[in-house]
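S.K.: Let me give you the structure first, and then I'll get to my questions.
The values are calculated or read from the model by the stated rules, or taken from the named source; none is laboratory data. These numbers come from a predicted model, not from an experiment. Counting neighbours? That spans all protein chains shown, and the Cβs are built from the backbone with ideal geometry, glycine included.
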Amino acid sequence: MVVVQASSTTIRLTYNIEPNPPFNMGNHLTEKPGITIEVIRAAGHRLTLNFVFVKMPWKRCLYTVQKNTMDGTIDASFKKERMKVGVYPMADGEIDASKRNNTQSYSIFTTQASDIESIEDLFNKYIGVTRGYSIITDLESKGIKNIIETNGSLVSLRMLKRKRIHAVVDLEANIQSQLHSYPNEFQDIRMITPPVKSKNYYLLFSHKFYRENKTLAHKIWNEIASIRESKQYQQLFDKY
């Protein structure tokens, strides 16, 4: 008797080349690739899917999804203008927060000698933010205009050290990763509390993928939500 096994569907996803621990550790080929990648793989296992991950700069992640050359990108926060880029999990015309991958916070980072203590102190200051990050629009809407877009949190921190900017606004996990990697270089960097903003992050599918695989896309989002609410998710946090 010949046993025929169903072949799995391959889905190509991009992720930010810059590590964002514990959700994205910067290399999907390692034993600890990041919680988001592990959750998506677990969802793929449940649905007999094969996810292929490709890392690239964040702005290019969005570009390749918009051009339909990749099927999606992981951990994209919701912006209405990004709905031109790809498709988020929606419910009744609104973003469905129950289908999020995770929640993360943006904070202000500056030097010990700086007089910056809150977001109100950022007016008329030069602020470094990673190119393509959604927080740029939020800062601009508050009237903060002197935003210098950089190629990542490490570049932003080094610009801060060289006094080319007054502060950095970035994901807490990104900056904490750099402070851990370069403790001597950035020993005088401090974080301002509370965070500027906390955001939910989602698996964003390309329009082409969603159009051709609408039912499957929703199954994937549902599995991600199911895993996030399970004991397995907490076990992943314990692992990292």
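S.K.: Go through the residues of the range 176-191 one by one and say whether even a single one is over 13 Å from Phe109 (Cβ atoms) and among the basic types (Lys, Arg).
M.R.: no
S.K.: Which one is farthest from Ser198 (Cα to Cα), of the residues in the range 164-180 that are in a helix (DSSP H, G or I) and either touching a residue at least 24 places away in the same chain (Cβ under 8 Å) or outside the structural domain of Phe109 (by TED's automatic domain parsing) (or both)?
M.R.: By that ranking, first place goes to Gln178.
S.K.: I'm told Met1 meets every condition in (1) surrounded by fewer than 14 Cβ atoms within 10 Å (Cβ to Cβ); (2) modelled with pLDDT under 95; (3) in the same structural domain as Val87 (by TED's automatic domain parsing) except one. Can you identify the failing condition by its number?
M.R.: Checking Met1 against (1) surrounded by fewer than 14 Cβ atoms within 10 Å (Cβ to Cβ); (2) modelled with pLDDT under 95; (3) in the same structural domain as Val87 (by TED's automatic domain parsing), the one that fails is (3).
S.K.: Do any residues in the range 129-151 that are without any contact (Cβ under 8 Å) to a residue 12 or more places away in the chain have Cβ atoms under 9 Å from those of residues that are of a type outside the set (S, T, N, Q), where the two are at least six apart or on different chains, and which pairs are they?
M.R.: Glu140/Ile147; Lys145/Phe123; Lys145/Leu139
S.K.: Could I ask something else about it? In the range 191-212, which residues are touching a helix residue (DSSP H, G or I) at 6+ places or on another chain (Cβ under 9 Å) and not in a strand (DSSP E or B)?
M.R.: Within the range 191-212, His207, Phe209, Tyr210 meet the criteria.
S.K.: Taking the residues in the range 213-240 that are assigned to a loop (DSSP other than H, G, I, E, B) and out of contact with any Pro (no Cβ under 7 Å at 6 or more places or on another chain) as candidates, determine which candidate is modelled with the highest pLDDT. Walk me through how you get there before you give the answer.
M.R.: Residues of the range 213-240 that are assigned to a loop (DSSP other than H, G, I, E, B), as a first pass: 213, 229-230, 240.
Now restrict to residues that are out of contact with any Pro (no Cβ under 7 Å at 6 or more places or on another chain): 213, 229-230.
Working: Asn213: 98, Glu229: 94, Ser230: 95.
Looking at residues that are assigned to a loop (DSSP other than H, G, I, E, B) and out of contact with any Pro (no Cβ under 7 Å at 6 or more places or on another chain), I get Asn213.
S.K.: Let me ask something else about it. Show the residue pairs that are 6+ apart or on different chains and have beta-carbon atoms under 7 Å apart, the first residue being within the range 217-231 and surrounded by 15 or more Cβ atoms within 10 Å (Cβ to Cβ), the second being in a loop (DSSP other than H, G, I, E, B).
M.R.: That search, which allows pairs on different chains as well, returns Trp221/Pro89; Ile224/Asn101.
S.K.: I'd like the residue in the range 135-163 that is surrounded by fewer than 19 Cβ atoms within 10 Å (Cβ to Cβ), among the polar types (S, T, N, Q) and not in a helix (DSSP H, G or I) and, out of all such residues, is nearest to the chain's Cα centre (by Cα).
M.R.: Asn151
S.K.: If you don't mind, there's one more thing I want to ask. How many residues are in contact with a His (Cβ under 9 Å, 6 or more places away or on another chain), farther than 30 Å from Ile227 by Cα and buried (at least 21 other Cβ atoms within 10 Å of the Cβ) when one looks only at the range 82-127?
M.R.: 3
S.K.: Output the number of residues of the range 52-75 satisfying the condition of being buried (at least 23 other Cβ atoms within 10 Å of the Cβ) and touching a helix residue (DSSP H, G or I) at 6+ places or on another chain (Cβ under 9 Å).
M.R.: 7
S.K.: Which condition from (1) among the acidic types (Asp, Glu); (2) touching a residue at least 60 places away in the same chain (Cβ under 8 Å); (3) out of contact with any helix residue (DSSP H, G or I) (no Cβ under 6 Å at 6 or more places or on another chain) is the one that Asp121 breaks?
M.R.: Condition not satisfied by Asp121: (2).
S.K.: Could you list, in sequence order, all residues of the range 72-81 that are farther than 21 Å from Ser105 by Cβ and within 16 Å of the chain's Cα centre (by Cα)?
M.R.: Gly72
S.K.: A further question on this structure: Within the range 73-128, how many residues turn out to be of a type outside the set (Phe, Trp, Tyr), assigned to a strand (DSSP E or B) and in contact with a strand residue (DSSP E or B) (Cβ under 7 Å, 6 or more places away or on another chain)? Write out each step before concluding.
M.R.: Here is the first cut: in the range 73-128, the residues of a type outside the set (Phe, Trp, Tyr) are 73-77, 79-87, 89-105, 107-108, 110-122, 124-125, 127-128.
In the following step, the residues that additionally are assigned to a strand (DSSP E or B) were identified as 73-77, 86-87, 90-91, 94-95, 102-105, 107-108, 110-111, 127-128.
Keeping just the survivors that are in contact with a strand residue (DSSP E or B) (Cβ under 7 Å, 6 or more places away or on another chain) gives 73-77, 86-87, 102-105, 107-108, 110-111, 127-128.
Looking only at that region, the number is 17.
S.K.: If you go through the range 24-34 one residue at a time, do you hit one that is among the hydroxyl-bearing types (Ser, Thr, Tyr) and buried (at least 17 other Cβ atoms within 10 Å of the Cβ)?
M.R.: Among the residues of the range 24-34, not one is among the hydroxyl-bearing types (Ser, Thr, Tyr) and buried (at least 17 other Cβ atoms within 10 Å of the Cβ), which makes the answer no.
S.K.: Let me ask something additional. Take Gln187 and decide whether it is surrounded by 20 or more Cβ atoms within 10 Å (Cβ to Cβ), over 20 Å from Lys84 (Cα atoms) and either among the charged types (D, E, K, R) or assigned by TED's automatic domain parsing to the domain that holds Ile108 (or both).
M.R.: Taking the combined requirement at face value, the residue does not satisfy it.
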